[in-house]
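Undergrad: Let me begin by handing over the structure; questions about it come next.
The values are calculated or read from the model by the stated rules, or taken from the named source; none is laboratory data. Bear in mind that the values here come from a model prediction, so they are computed numbers and not experimental data. Cβ placement follows ideal geometry from the backbone for every residue including glycine, while neighbour counts extend to all protein chains displayed. Heavy atoms of the whole protein, side chains included, go into the accessibility calculation; ligands, DNA and RNA do not. Shrake-Rupley method; radii C 1.70, N 1.55, O 1.52, S 1.80 Å.
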Amino acid sequence: MKIVACIKRVPTTEAQVKVAADQKSLDTAGLSWMTSFYDEIAVEEAIRTKEKHGGDVTVLTLGSAEASKDVREFMARGADAGVILKDDQWHARDVRSSARILCARIQKSGAEIAFFGKLATDRDNGGVGPMIATWLGWACVSDVVALEIAGTQGTAKRETEQGIETVSFSLPAVITCQKGLNEPRRANLKGIMAVKQKPIPEEAFEDVPNQQQVQKVEPPPARKPGRIVGEGAAAVPALIQALRNEAGVV
Amino acid sequence: MPNIVVFVEQLSGKPSRASLECIGAARSCGGTVTAIVAGAGADAAAAELGRFGAAKAVVLTGGEASPDALAADLAAIAKEQGAKAFLAAATSAGRDLAPRVAALLDSTLFSDCTALSAQGDAFTAVRPWLAGKAIATLGSSAPVFCATTRPNVFAASEAGGKAELTTRAAQSGGKAKVTGIAAKAIGKLDVKEAPVVVSGGRGMKGP
């Protein structure tokens, strides 16, 4: 089975981001980067699918040449190949633009299943996977917490506000991965050594312009500081007063 | 006034609060709202939507629980209505459907918006980046503005109107089908629908 897992490099979770001088983007100077949290789960599920059903896993990313570090890490964990669609604007693309570019490459790869994180933790849109499935005419299950594949049929469980939904589908399919689906492995020394010299091709692609225009980026409004209304039982009347009159919740 | 199509979620004939807020968001953009409701109990839920400001309500009857078939219906209605925008609440169903509908309308997606505005047909969205570390104001040149609205942000106000109700047979032949749902305990409020969230600390010494 041909399997693709898509990843995106995003600022680390601890990153302190600053708005750039143009007030339309983020200042990327000094930021450290990582693979989006949910994309790691996607790659792990791709490798587990290969281990169960055979085939090969390609890690695909739209990004700068530095993405080779991330791709190589996943090859050390068990992915067979990596492809970088070289793009210095990867973090400034809208959902449709990223999805169109990745869609064309997935179609070319002849994949039967493509794994994505449920969203990338920079723009938090969560739209690329379902969009690609729609254009390819594939099945898609999002926010997946359990996956079973048998032959060309699959069953996935997805988390919703009402409970856990069970969804059945046929391959080809897009799966977007939620926390809890698996626990990503670490690369071992043998894996790291095995992929050290492997080439990771950088490919060009046909550009797709954005439909989204950034008008302004600003830091979030400052949170009001907390207030201690008193201590012990004596503070209860003051607390109730504050909840009733200031917060309006009781 | 731009036509705005809103997907309304319902449970046992009652529209979800997040969807009513989404209708409120569409109305705040000055839009004429066509609400679409699907599933068992959809007609009862649709009857309530005029009160919250929907001008039209379309009930999808029959069909199967398939997100791709539902997305195809939503996109077809948006096209027929000449909609300038498609909105859904940023719930698990809304977040799953909206990108599919956007793809069918060849439009990009603005997820989890915290403010929306429109000048004529030109929509602007405000949404968080990096889990709220930055707030972006975004314009759209998409053929149809597709967005999901964050629950508990927009007001669901009663307008006291009456919606024109129509029914439509839902498409079948979806590629993925929901075959079951292990429901949470009945009566337990989902945190996204909660009007007030109280967080307790260690000082409470137990639940």
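Undergrad: Could you run through the stretch A:127-154 and say how many residues are over 14 Å from B:P67 (Cα atoms), within 8 Å of chain B (Cβ to nearest Cβ) and in a strand (DSSP E or B)?
TA: 0
Undergrad: Right, A:P209: facing another protein chain (nearest Cβ under 7 Å) and either at negative phi or part of a helix (DSSP H, G or I) (or both) or not? Write out each step before concluding.
TA: Values: facing another protein chain (nearest Cβ under 7 Å): no; either at negative phi or part of a helix (DSSP H, G or I) (or both): yes.
So A:P209 does not fit the description; no.
Undergrad: Being more than 10 Å from chain B (Cβ to nearest Cβ) and either part of a strand (DSSP E or B) or closer than 20 Å to A:F115 by Cβ (or both) is the requirement here; does A:I164 meet it? Before the answer, list the steps.
TA: Values: more than 10 Å from chain B (Cβ to nearest Cβ): no; either part of a strand (DSSP E or B) or closer than 20 Å to A:F115 by Cβ (or both): yes.
For A:I164, the condition - more than 10 Å from chain B (Cβ to nearest Cβ) and either part of a strand (DSSP E or B) or closer than 20 Å to A:F115 by Cβ (or both) - is not met.
Undergrad: Test of understanding: among A:E40, A:E44, A:E51, A:E73, which residue is surrounded by fewer than 16 Cβ atoms within 10 Å (Cβ to Cβ) and either out of contact with any Leu (no Cβ under 7 Å at 6 or more places or on another chain) or not in a loop (DSSP other than H, G, I, E, B) (or both)? Please lay out each step first, then the result.
TA: Details: A:E40 fails: surrounded by fewer than 16 Cβ atoms within 10 Å (Cβ to Cβ); A:E44 fails: surrounded by fewer than 16 Cβ atoms within 10 Å (Cβ to Cβ); A:E73 fails: surrounded by fewer than 16 Cβ atoms within 10 Å (Cβ to Cβ).
Among A:E40, A:E44, A:E51, A:E73, only A:E51 is surrounded by fewer than 16 Cβ atoms within 10 Å (Cβ to Cβ) and either out of contact with any Leu (no Cβ under 7 Å at 6 or more places or on another chain) or not in a loop (DSSP other than H, G, I, E, B) (or both).
Undergrad: Give A:E246, A:E183 a once-over and let me know the one that is in a helix (DSSP H, G or I) and either open to solvent by 80 Å² or more (accessible area, probe 1.4 Å) or at negative phi (or both). Don't jump to the end; show me each part of the working.
TA: Working: A:E183 fails: in a helix (DSSP H, G or I).
One residue alone meets the criteria, A:E246.
Undergrad: Here's a follow-up. Could you check, for the stretch A:77-86, whether at least one of its residues is at pLDDT below 95 and part of a loop (DSSP other than H, G, I, E, B)?
TA: Checking the stretch A:77-86: not a single residue is at pLDDT below 95 and part of a loop (DSSP other than H, G, I, E, B).
Undergrad: What are the residues in the stretch B:145-172 that are of a type outside the set (V, I, T) and open to solvent by 60 Å² or more (accessible area, probe 1.4 Å), if any?
TA: Step one: filter the stretch B:145-172 for residues of a type outside the set (V, I, T), giving B:145-147, B:150-152, B:154-165, B:168-172.
Within the stretch B:145-172, B:R150, B:N152, B:A155, B:E158, B:G160, B:K162, B:E164, B:L165, B:R168, B:A169, B:Q171, B:S172 meet the criteria.
Undergrad: Among A:D124, A:D94, which is the only one that is buried (at least 24 other Cβ atoms within 10 Å of the Cβ), within 19 Å of B:A98 (Cβ to Cβ), among the charged types (D, E, K, R) and facing chain B (nearest Cβ under 9 Å)?
TA: Details: A:D124 fails: buried (at least 24 other Cβ atoms within 10 Å of the Cβ).
The unique qualifying residue is A:D94.
Undergrad: Identify, by number, the condition in (1) farther than 21 Å from A:M1 by Cα; (2) open to solvent by 30 Å² or more (accessible area, probe 1.4 Å) that A:Q211 doesn't meet.
TA: Among (1) farther than 21 Å from A:M1 by Cα; (2) open to solvent by 30 Å² or more (accessible area, probe 1.4 Å), A:Q211 violates only (2).
Undergrad: Right, here's the next one. When you look at B:A44, is it among the hydrophobic types (A, V, I, L, M, F, W, C), in contact with an Asp or Glu (Cβ under 8 Å, 6 or more places away or on another chain) and either modelled with pLDDT of 95 or more or open to solvent by 40 Å² or more (accessible area, probe 1.4 Å) (or both), yes or no?
TA: On the way: among the hydrophobic types (A, V, I, L, M, F, W, C): yes; in contact with an Asp or Glu (Cβ under 8 Å, 6 or more places away or on another chain): no; either modelled with pLDDT of 95 or more or open to solvent by 40 Å² or more (accessible area, probe 1.4 Å) (or both): yes.
No, not satisfied.
Undergrad: Does B:A90 satisfy being more than 7 Å from every other protein chain (Cβ to nearest Cβ), surrounded by fewer than 20 Cβ atoms within 10 Å (Cβ to Cβ), within 17 Å of the chain's Cα centre (by Cα) and not basic (K, R)?
TA: no
Undergrad: Is it the case, given these coordinates, that B:G24 is outside any loop (DSSP other than H, G, I, E, B), under 21 Å from B:A90 (Cα atoms) and open to solvent by less than 20 Å² (accessible area, probe 1.4 Å)? Walk me through it before giving the result.
TA: Working: outside any loop (DSSP other than H, G, I, E, B): yes; under 21 Å from B:A90 (Cα atoms): yes; open to solvent by less than 20 Å² (accessible area, probe 1.4 Å): yes.
It is true that B:G24 is outside any loop (DSSP other than H, G, I, E, B), under 21 Å from B:A90 (Cα atoms) and open to solvent by less than 20 Å² (accessible area, probe 1.4 Å).
Undergrad: For residues that are under 19 Å from B:T149 (Cα atoms) and open to solvent by 10 Å² or more (accessible area, probe 1.4 Å), scanning just the stretch B:47-66, find the one that is nearest to the other protein chains (Cβ to nearest Cβ).
TA: B:F52
Undergrad: Right, here's the next one. Identify, please: which residue in the stretch B:99-122 is more than 7 Å from chain A (Cβ to nearest Cβ) and of a type in the set (A, V, I, L, M) and is, among those, surrounded by the most Cβ atoms within 10 Å (Cβ to Cβ)?
TA: Checked the stretch B:99-122; the qualifying residue surrounded by the most Cβ atoms within 10 Å (Cβ to Cβ) is B:V101.
Undergrad: So in the stretch A:127-149, with the set limited to residues that are crowded, with 21+ Cβ neighbours inside 10 Å and not hydrophobic (A, V, I, L, M, F, W, C), which one is farthest from A:T160 (Cα to Cα)? So that I can check it myself, show each step before the final result.
TA: Taking the stretch A:127-149 first, the residues crowded, with 21+ Cβ neighbours inside 10 Å are A:127-134, A:138-144, A:147.
After this cut, where a residue has to be not hydrophobic (A, V, I, L, M, F, W, C) as well, the list is A:127, A:129-130, A:134, A:142-143.
Details: A:G127: 17, A:G129: 18, A:P130: 16, A:T134: 21, A:S142: 10, A:D143: 8 Å.
Among those residues, the one meeting the criterion is A:T134.
Undergrad: B:P99 is checked against (1) closer than 19 Å to B:E164 by Cα; (2) in contact with a strand residue (DSSP E or B) (Cβ under 7 Å, 6 or more places away or on another chain) and fails just one. What number does that condition carry?
TA: Evaluating B:P99 over (1) closer than 19 Å to B:E164 by Cα; (2) in contact with a strand residue (DSSP E or B) (Cβ under 7 Å, 6 or more places away or on another chain) leaves (1) as the failure.
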